[in-house]
Structure formats: structure tokens, C-alpha cells
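For reference, the structure is listed below as C-alpha cells.
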Amino acid sequence: MPEEPVNLPFTAVIGMDAVKKALMCMMADRSMKGLLIRGPSGTAKSLLVRSFFELFGDAELVNVPLDTPDEEIFGGLDIEKAISEGRTEASGGLLKRADGNFLFLDNINLFETGTAVSIMDCILSGNVILEREGSSAEYSVSTAAIATMDPAEREIPDDLADRFEMC
């Protein structure tokens, strides 16, 4: 039987003061849209983020697992409504669920670059546009991304790194 992961409280993590302050800034100023946390493996980056959000009941951390299909991230077109009512409408994905909350991209450097760039573009623009087979729909989204990465595994392109306000 696998062991449950150790869950430490935010205050139990020693050091990482700059990351702790950045997380507090993100919570206090919801106009901030991106935080990239860089560090070697085993430095409690993910643990720190998850434990921080356990302190707040008014904000949810929506996790985007690695290799999540685009339709689960961005949503899709509601085909039933298109057929029955003749109009296109978006059915939301993880971005829609993160509206008013925070999106967590653990190991963003291992995500497909195009997907990571598209996620950040949607967050920065506040709009998700879906286009499938000649039909399109859109929805607005107000969220912020918190991403972690280990530079030893793989760097992210500069144009993706530039989309984060804090690193």
C-alpha cells in the first residue's frame, strides 16, 4: 500500500522567504497574473505552494497535471447545444474552473511549450477563445498562474518566461 505524501504546514518550510513573500503578494494583489518558482529538485517548491493555499479557504489552487489534453485545460465546444439550439457555446475546462482562483502548473518546463504559452496568453488576456471545425466560442477568465520548475531538468523559452511577472 503506497504511503500518503507528507503534508507540512506552510510555516514548517524553512527558508524560501522570497517565494513565501511572492505567494503572499499574489494573494493580496489579484491583478498579478504569474509567478514562476525556479529551484532544484527537493527544495519544497510544490509543497510550499500547496501548503500556502491550505491556509486560505477563499482561494482554490486548480492543478493542471502534466500531459493534460488541451480540451481539458481550455474546454471545448458544447456540441449538444450546437446541435439542439443551433448556437456555439464553450464548455469550460480547468481554466474555467480556475476563474477567480489560481492555476498551478507544477514542472511547467516539462509541459509542451505551445500549451504553456497558450495557457499564459489566456490568463494575461483574460479571454479563452475556442475554435473547432469552423465554429468558435469564448469565455472570460480571471485567474493567475503559479508555476514551478527545476532548471536542471529543462529550461523554458524566454518568450514563456517573459509572461510571468515574478520569478
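The values are calculated or read from the model by the stated rules, or taken from the named source; none is laboratory data. Note that the structure is predicted; figures quoted are calculated from it, not measured. With ideal geometry, Cβ positions are generated from the backbone for all residues, glycine too; neighbour counts draw on all protein chains shown. In case anyone asks, the SASA skips ligands and DNA or RNA and just uses the protein heavy atoms, side chains included. Shrake-Rupley method; radii C 1.70, N 1.55, O 1.52, S 1.80 Å.
Summarising the amide proton neighbourhood of L77: residues at separation of 5 or more, or on other chains, whose placed amide H is nearer than 5 Å comprise S91. Given the alternatives (1) 1.01; (2) 1.25; (3) 1.06, Rg/Rh (Cα atoms, Kirkwood Rh) as computed for this entry is given by (1). Accessible area per residue was computed with a 1.4 Å probe on protein heavy atoms; L47 scores about 50 Å².
Charge tally for D106 (other residues, Cβ to Cβ under 10 Å; Lys, Arg +1; Asp, Glu -1): +2. In straight-distance terms, cross-link reach from K20 covers every one of the lysines whose alpha-carbon lies under 16 Å from its own, apart from those fewer than eight places away in the same chain; here that gives K45.
Label-to-label distance, T68 versus L124, with points set 7 angstrom from Cα along the beta-carbon direction: 2.0 nm. Among the trypsin sites (Lys or Arg not before Pro) found in the range 71-162, those both in a DSSP coil and sparsely packed, with 15 or fewer other Cβ atoms within 10 Å of their Cβ, are R87, R154. Given the DSSP H assignment, sum -39500 (n - 2.57) over each helix run of at least 4 residues in the chain and divide by its residue total; what's the result at 222 nm in deg cm²/dmol, nearest 500? The per-residue figure over the chain is -9000 deg cm²/dmol.
Free of any GluC sites (Glu not before Pro) that DSSP assigns to a loop and that have at most 13 other C-beta atoms within 10 Å, the longest stretch within the chain is 4-111.
When +1 charges are put on Lys and Arg Cβ atoms and -1 charges on Asp and Glu Cβ atoms, the dipole computed for the range 42-104 relative to its Cα centre reaches about 240 debye. Computed over protein heavy atoms with a 1.4 Å probe, the carbon and sulfur contribution to the accessible area of the chain reaches 51%.
Near the amide H of E138, within less than 5 Å, lie the amide hydrogens of A90, L130, all on another chain or at least 5 residues away, with H placed in the peptide plane. Take the range 60-114 with all the other protein chains still there, run a 1.4 Å probe, and you get 51 Å² of accessible area per residue. On a 0 to 90 degree scale, rounded to 10, what angle separates helix 17-28 from the longest Cα axis of the chain? Around 40 degrees separate the two axes. 3J(HN,Hα) couplings calculated from phi for the range 33-39 with the Karplus curve 6.51 cos²θ - 1.76 cosθ + 1.60 (θ = phi - 60°) are, in sequence order, 10, x, 10, 10, 10, 9, x Hz; Gly and Pro show x. The accessible-area ordering, largest first, of the residues D121, D17 stands as D17, D121, per a 1.4 angstrom probe.
For the chain, relative contact order (Cα pairs under 8 Å, six or more residues apart, normalised by length) works out to 29 percent.
When I123, I129 are compared by accessible area of protein heavy atoms, the largest-first order is I129, I123, using a 1.4 Å probe.
Against the chain, whose longest principal axis is taken from its Cα atoms, helix 113-125 shows a tilt of about 80°.
For the chain, the longest principal axis of the alpha carbon atoms and the long axis of helix 45-54 meet at an angle near 70°.
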